[in-house]
Every structure is written in C-alpha cells, then in structure tokens.
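Computed from the coordinates by the stated procedures, all read-outs in this text should not be read as laboratory data. Only a predicted model underlies this, so the values are computations on that prediction, with no experimental measurement involved. No Cβ is skipped: glycine too gets one built from the backbone with ideal geometry, and neighbour counts run over all protein chains shown.
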C-alpha cells in the first residue's frame, strides 16, 4: 500500500508539472495588448473650450480643435495635437494671447508645454515668438530655454532663455542681442566746487 501511495504521488507530481509546463505559454502579446489599451486616450473631444477661474474670476480660456485625455494614466495629462490657443486675462481684464501648433497640459503640475510656432501677443502690442514655451497656470508664469524674439515699442531683441510673468512686466533672459530703447537721465549729484 505504501508503494502504491508513493507511485500515485510521483505520477501526480509529474502530471502537475506537465500541466503547469503546458499552461505557461507566452502571454506577452496579450499583456502588450492590455498595455496598449492604457496608452490610448480615455476621452477625445473636438472643438473644446476650457475656462480657468480663480475666485469666480476668469484667468484664462484654452481652445483647441482636438483634445486627447490621458487622465487615466499614473502621470495624468491632456494633449492638443492639432494646436491650441490660450487667452490670458490680467487684473484689468485685458487679454494676452498665445497660440501654438501643439500642446500638452500636465494635470498634476498645471504646466502647459507649448510647441511649434509659439506666438504670444500682449495687449500692449508686444509680440514674442519661439518654438517652445511653458506656461505655469498656477503661478501665471511663462518660461523657455529656447531661442526667442521679442518686440514691442521699446524692445526688438533676440535671446535664449526667458522667465517672465504673463504681462511681461517682470522678466529675466539669457544672452541678448538686439536693440533696446533707453531713456537717459542726468545725474542728480552735484559736484563739490572745492574739488
């Protein structure tokens, strides 16, 4: 009886091993298919209009012909593959506009990555052009490490690197070239006649 039990256990182990061996086929194509489903947008919208508000005041309006929503991924984002336009409103309700050929909105950081023929038009007639710019919607700040040109009534310059508020009343830049109008003021110091 003891030998019969040993034989049964031995044959059962062999049968179990064979079953596991044949059941463990390559399922990588199935896993790849499942992962590809996660890469697809959870939503697609056409001719969208997103309004950003703060304390019931409109801060910006984003419009785009196509919006792809990837908020189901661990790093949530929205893509605008056919371009977008953002109108910023300042405290006086004046408009500043930026357009780009392509954009991505990163939901966690609230940063918009604008790419391709990026043009920013300010309400005072200023114009900035670059091939990539980032907009931080929470801090209302624009920045780029790429070459850009900027023109207004006092400036006509080209530079690499920009860090500016949306009104361009405060900005820092890297290496500059171009013309800047400067108003000369006379020195108010009086010279001592005894020197």
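With a Förster radius of 45 Å applied to the C-beta separation of residue 161 and residue 56, the computed FRET efficiency comes to 0.80.
If R0 equals 22 Å, the separation of the Cβ atoms of residue 152 and residue 101 corresponds to a calculated FRET efficiency of about 0.40.
With the cut-off at 1.5 for a/c, could you classify region 43-180 from its C-alpha gyration tensor as rounded, prolate or oblate? Prolate shape, in that a/c is at least 1.5 and a/b is the bigger ratio.
Please give the length that would be gained between residue 93 and residue 44 if that part of the chain were fully extended, namely 0.36 nm times their separation in residues minus their C-alpha to C-alpha distance (nm, one decimal).
Numbers: separation 49, 0.36 × 49 = 17.64 nm, distance 3.11 nm.
Working it through step by step, the gained length comes to 14.5 nm.
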